[in-house]
Amino acid sequence: MKNDKFYFGNFILISIGVFFFIPFLILLINSFGTLAEYPNLYLLKFNSDSWKYVFKSELMSDIIQTLNVGILSLILLTLISYPAAYIMVRGSFKGKKIIDAIFMLPIMISPIGIATGVYQAFLKFGISDTLVGVVLGVSFPAYPYVYRAIKIGIESLDYAWEEQISLLGISWINSFILIIPRMILPSILGGWSIGFLVAISQYAVVLILGGGNVMTLLVRMMPYLNGGTESIACVYGIIFMCFSMGILWYMDYFLKKYYHGEI
Amino acid sequence: MKKFSKNKIFILLLPALLFIGGISIIGIFESFIQSIENSGLRIYKRLIFNDEYRMSFFYTFKFSFISVGISIALSLIVIYLIYDLIFYKRKKVEYMLYLLKSPMIMPYMVSAFLVFLIFSQGGYLSRILFNFHIIDDLKEARILVNDEFGIGIIMTYVWKLTPFFLVMIYPALSQIASEEIDMARNLGGSKLKIFFRVIIPYIKNTTMFSSVMAFIFTFTSFEVPYILGISYPKALSVLIYEKYFHGSGLDMAMAQAANFLIILMGIGSWLAILFVKGLRSEE
């Protein structure tokens, strides 16, 4: 009886899993040419025209620009969230709850909501339509995730370690900058994965704050979605996902080596 | 806990607070200022009586609510199916969850696009149905994308939000000790009963918090309704975007007014959560 139930549940789970996985395949198939006229299911011309088109265009600069946005955003986020997370965990002072809540604000205030307002301010500061503005803009929604990950990392680091470090005569500053990050590296990498993903998945923010000067992969992709060139959009979609999966995989790989003591 | 000097605390917190607080305040402030530029505070009255914005609000609320509702239901179903497996077949469960989490990698734009490819009148599903003689003509295919109910939009969000809920709820779920469930089973509880009496109380808080987050996110999002929506009513974010960038001064002011109200809604929910959390914790 129990086996029957399990089998049925298994079946449902597998179908849900498949259901979630098929779209990836469709993206791949559709990138190789246009669908024949309705109602045929075969591809009219199985070719790699779209792929050639994309690779001949400014793909490399788009990828580099996307990487720029992502990595700069991560650097900024780590620099500001690590100290904050540390003091929130280790220090004792009033107002922690409110500060924690403030750090969760980006989740409640959508980035698009403030993008138009922030753009006006950036105009006055002269950083509108620049990479700097975009990095600031995409860092905002990504902050809570990086902050939370690092905070959890520090929480799980027994304070005894820090005591031991100071007993060995190492100053707090050295410990804070050089040693502790190394010890909570897995959490930091986890935060980086999500933060990076959130940062490069932003479209509206990059469009508004970048004003066309900052072309990330998604911004480049959007016009092709609404037009008739679906296969090109598919190509960009696949490139984007390979890109993000590649980064995530690399972080995973790095983590494994860390745990095996090779780093 | 070590005693840190007030200065040190201040310095360590300052960059983050400055960044988050600064951008929030600038965004909110500028939004409000721009909204009253044209006709002062009367713009809000005009906004509330504006048909287009009102229809847009209800449309957006509807599809957001339905999307989040269906996603929660789906994720709860999955949890119901796997909760007892977590204890003696954890590897299997985590592998399955890995599959279910896969949509998270795909950005919303691409997901919306895929829904379009599959479910549009000339899309994959329609062609498959035609070839199986279920429908006889392109025009018979139900309009599932760019429709007035936002079915395509809802499908996209359900596809993306269900993994989100699973990811958020799973940690709370794995904290339940297996002994509790064994005990409940010994006392004669069926799988369903245990689900409602034991599992739900544990995951209630996380679920509610995630739902609010997801609802606000869906309500204010732009990309999906932009690709899959129709011309009337538009989703609120799309309407605001278009009025702001392609409208007259009055349009821009009204757009910012609507924007400001949405921000207020977000802050309201934020305050509500803060309040509820404050009531609940003993810190």
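Report, ordered by chain and residue number, the aspartates and glutamates lying within cross-link reach of B:Lys277, taken as a straight Cα distance under 19 Å and ignoring same-chain residues fewer than 8 apart.
A:Asp100
Return the distance in nm (one decimal) between the two label points of a simple spin-label model at A:His260 and B:Phe65, each offset 7 Å from Cα along Cα→Cβ.
It works out to 5.4 nm between the two label points.
Assuming a strict under-22 Å limit between Cα atoms, what lysine pair count do you get for chain A once near-sequence pairs (fewer than 8 apart, same chain) are dropped?
Pairs that pass both the separation and distance tests number 5.
Determine the dipole magnitude for the protein assembly as shown: charges of +1 sit on the beta-carbon of Lys and Arg, -1 on that of Asp and Glu, nothing else is charged, the reference point is the Cα centre, and the result goes in debye to the nearest 20. Please report the intermediate quantities before stating the final value.
Details: 43 positive and 33 negative charges, 263 e Å.
Magnitude of the dipole: close to 1260 debye.
For A:Cys234, A:Cys242, what's the fewest-to-most ordering of other Cβ within 10 Å of each Cβ? Before the final figure, lay out each step's value.
Working: A:Cys234 28, A:Cys242 11.
Result, fewest neighbours first: A:Cys242, A:Cys234.
Before rounding to the nearest 500, sum -39500 (n - 2.57) across all DSSP H runs of length at least 4 in chain A and divide by the residue total; then give [θ] at 222 nm in deg cm²/dmol. Spell out each step's value before the answer.
Values: 13 runs with 197 residues, N = 263.
Only helices count here, giving -24500 deg cm²/dmol.
Along the positive direction of the dipole of region A:46-121 (beta-carbon charges: Lys, Arg +1; Asp, Glu -1; about the Cα centre), which of A:Ala101, A:Leu72, A:Phe46 reaches farthest?
The Cα lying farthest towards the positive end belongs to A:Ala101.
What is the order of B:Asp251, B:Asp182, A:Asp158, fewest Cβ neighbours within 10 Å to most? If you can, show how the numbers build up before the last one.
Details: B:Asp251 16, B:Asp182 13, A:Asp158 10.
The fewest-first ordering by Cβ neighbours comes to A:Asp158, B:Asp182, B:Asp251.
Mind checking A:82-95 for the average number of partner chain beta-carbons within 10 Å of each residue's beta-carbon?
Numbers: counts 3, 8, 8, 3, 3, 8, 4, 1, 5, 10, 5, 6, 0, 1.
Mean number of neighbouring Cβ atoms from other chains: 5.
Using a 7 Å offset from the Cα along the Cα-to-Cβ direction at both B:Tyr88 and B:Met265, what is the distance between the two label points in nm, to one decimal?
4.8
State which helices in chain A qualify, where a helix is a whole DSSP H run, it must extend 30 Å or more along its own axis by its Cα atoms, and its mean Kyte-Doolittle hydropathy must be at least -0.5.
Values: long enough: A:2-30 (42 Å, 1.37); A:59-90 (45 Å, 1.44); A:131-155 (34 Å, 1.10); A:230-259 (43 Å, 0.87).
Qualifying helices, which must be both long enough and hydrophobic enough, are A:2-30, A:59-90, A:131-155, A:230-259.
Taking a point 7 angstrom from the Cα of B:Tyr232 along the C-beta vector, which residues in region B:41-72 have backbone N less than 16 Å away?
B:50-59
Per residue of A:234-240, what is the mean number of Cβ atoms on other protein chains within 10 angstrom of that residue's Cβ?
Details: counts 4, 0, 3, 7, 1, 0, 5.
Counting Cβ atoms of other protein chains within 10 Å of each residue's Cβ and averaging gives 3.
When the helices in chain B are scored as -39500 (n - 2.57) per DSSP H run of 4 or longer and the sum is shared across all residues, what 222 nm value do you end up with, to the nearest 500 deg cm²/dmol? Present the calculation step by step, with values, prior to reporting the outcome.
Numbers: 14 runs with 212 residues, N = 283.
For chain B, the value works out to -24500 deg cm²/dmol.
If you take the square roots of the eigenvalues of the alpha-carbon gyration tensor of chain B and sort them as a ≥ b ≥ c, do you get rounded (a/c under 1.5), prolate (a/b over b/c) or oblate? Walk me through the numbers on the way to the answer.
Details: a/c = 2.28, a/b = 1.11, b/c = 2.05.
Cα axes put chain B in the oblate bin.
For A:Glu162, B:Glu94, B:Glu148, what's the fewest-to-most ordering of other Cβ within 10 Å of each Cβ? Walk me through the numbers before you get to the answer.
Numbers: A:Glu162 20, B:Glu94 14, B:Glu148 11.
Ranking A:Glu162, B:Glu94, B:Glu148 by Cβ neighbours within 10 Å, fewest first, gives B:Glu148, B:Glu94, A:Glu162.
Multiplying the sequence separation of B:Phe58 and B:Ser190 by 0.36 nm and subtracting their Cα-Cα distance, what value in nm do you get? If you can, show how the numbers build up before the last one.
Working: separation 132, 0.36 × 132 = 47.52 nm, distance 4.08 nm.
Here the segment from B:Phe58 to B:Ser190 would lengthen by 43.4 nm.
Only the coordinates and a few stated rules stand behind these numbers; no lab work does. Note that this is a predicted model, so its numbers are computed, not measured. No Cβ is skipped: glycine too gets one built from the backbone with ideal geometry, and neighbour counts run over all protein chains shown.
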